[in-house]
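The values are calculated or read from the model by the stated rules, or taken from the named source; none is laboratory data. None of the values given here were measured: they were computed from a predicted structure. Methodologically, a virtual Cβ is constructed for each residue, glycine included, from the backbone with ideal geometry; neighbour enumeration extends over all protein chains shown.
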Amino acid sequence: MNAVPTSPLRLLLVGLGPLGRIIASDLYERRLGHIVAAVDSSPLLAGKRLDELIKTPDPGGVEVLVSSSAAEIRNWSQIDAAVVATASDLRLAAPVIIDLARRGLPVVSTCEELVWPWLRHPALAREIDEAAKRGGGRVLGTGVNPGFLMDTLPVALTAVSKSVRAVSVHRIQDASTRRIPFQQKIGAGLDDVAFRKKIDEGTLRHVGLGESMHFVAHYLGLTIDRWEESIEPVRAERPLPSAIGPIAAGLAAGVRQVARGYTRDGQSERLVVNMEFQAAIGQTNPHDRVVIDGDPNIDLVIRGGVHGDVATSAITLNAIRSLTEAAPGLHTMATVPCVRFTGLKLRVKPPSLN
């Protein structure tokens, strides 16, 4: 039976920073649809034409002006779904997400804390869920990490498990090919004083490690009675080139962040979820690894690792179709239909067996 083509997506894109532009470009490159409205609060971007910011073969792209806020949008009836690629902090991203959900739109966001918002923002999670249900909208936080490699993938691998005692996930990245904001976020090029200052300010950390850990624990029924998180620099062992300038030996080339969740067994504690995130310029042997202590034991390694920018854009766009098939409300990657590669020629629903 021939596949039934689906209609092109008409998207609202909120956030035209480096990641937002990658998502926009991929939308056109994959011929998934068109951007019919765009929002960015930056005075450097608001008022510009979309085709000034990204390459688009869409003749309508020259007619799309970047609005400074969603309040300026007038063509709501032309929008099928929204992508929000703005802040990692849910408190900053929530207002526009709630507004869009109230309007009945499916909203996929790259906000890391939205992947498991009940950890740090339970009240906001309830507000988003209630707004979506009242307005008929659907909301999903996703990305490559958090959103897939350190949470959804480990949970999916346990589909063949008879029992699960513990889970350990490791993401070791070479940040040399990542965009400049990412290299800055992991502290590349900083000395010890500057590195520690940014940690204390909360601006240097991989956002989402705790969210991934609690996602895994929740869906696998692993009780976390206590959890901890540590951050330390990965030092350059030799001078290194980078997109943000040369990094001298001894300075930070990146960051190593570890989160551990423990359950109490009588008078002792047992480690049940272990998360290790390491991203550094010039990292050797990059890989993604999931180890499941259970029946059967599982040890999955993705050699070379998954490129964060490429995969984040891909999963954001791939998740839209799945989210539209879900019920109104706030979702996680475990409560929407399986997110998979999608294209216009791929069937949204399986064929009838009659």
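I need the helices (runs of 4 or more DSSP H) fully contained in the range 116-205, keeping only those with at least 3 residues that are surrounded by fewer than 19 Cβ atoms within 10 Å (Cβ to Cβ) and not assigned by TED's automatic domain parsing to the domain that holds residue 241. Walk me through it before giving the result.
Details: elements: 122-135, 152-157, 180-185, 192-201.
Fully inside the range 116-205 and qualifying: 122-135.
For the range 258-301, residues that are within 23 Å of the chain's Cα centre (by Cα) and either among the β-branched types (Val, Ile, Thr) or in a strand (DSSP E or B) (or both) total 21. Residue 230 falls short on exactly one of the conditions (1) modelled with pLDDT under 95; (2) loosely packed, with under 12 Cβ neighbours inside 10 Å; (3) farther than 11 Å from residue 280 by Cβ, and that condition is (1). Considered as a group, the residues in the range 19-57 that are within 21 Å of residue 182 (Cα to Cα) and assigned to a helix (DSSP H, G or I) include one that is farthest from the chain's Cα centre (by Cα), and that residue is 25.
The number of residues in the range 71-95 that are assigned to a helix (DSSP H, G or I), touching a residue at least 12 places away in the same chain (Cβ under 8 Å) and closer than 22 Å to residue 32 by Cβ comes to 2.
If we keep just the residues of the range 233-250 that are buried (at least 18 other Cβ atoms within 10 Å of the Cβ) and outside any strand (DSSP E or B), which is modelled with the lowest pLDDT? Break it down stepwise before answering.
Within the range 233-250, the subset buried (at least 18 other Cβ atoms within 10 Å of the Cβ) is 233-234, 236, 240, 242, 247.
Now drop any that are not outside any strand (DSSP E or B), which leaves 236, 242.
Details: 236: 95, 242: 90.
My answer is 242.
When residue 255 is tested against (1) assigned to a strand (DSSP E or B); (2) assigned by TED's automatic domain parsing to the domain that holds residue 83, just one condition goes unmet, and that condition is (2).
This table checks each residue for (1) aliphatic (A, V, I, L, M); (2) buried (at least 19 other Cβ atoms within 10 Å of the Cβ); (3) not assigned by TED's automatic domain parsing to the domain that holds residue 112.
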site	(1), (2), (3)
20	no, yes, no
25	no, no, no
28	no, no, no
47	no, no, no
54	yes, yes, no
68	no, no, no
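Only residues that are of a type outside the set (S, T, N, Q), surrounded by fewer than 18 Cβ atoms within 10 Å (Cβ to Cβ) and under 23 Å from residue 181 (Cα atoms) were counted in the range 257-310, giving 7.
Please count how many residues of the range 163-181 are touching a Gly at 6+ places or on another chain (Cβ under 7 Å) and either farther than 18 Å from residue 311 by Cβ or of a type in the set (A, V, I, L, M, F, W, C) (or both). Here the count works out to 5.
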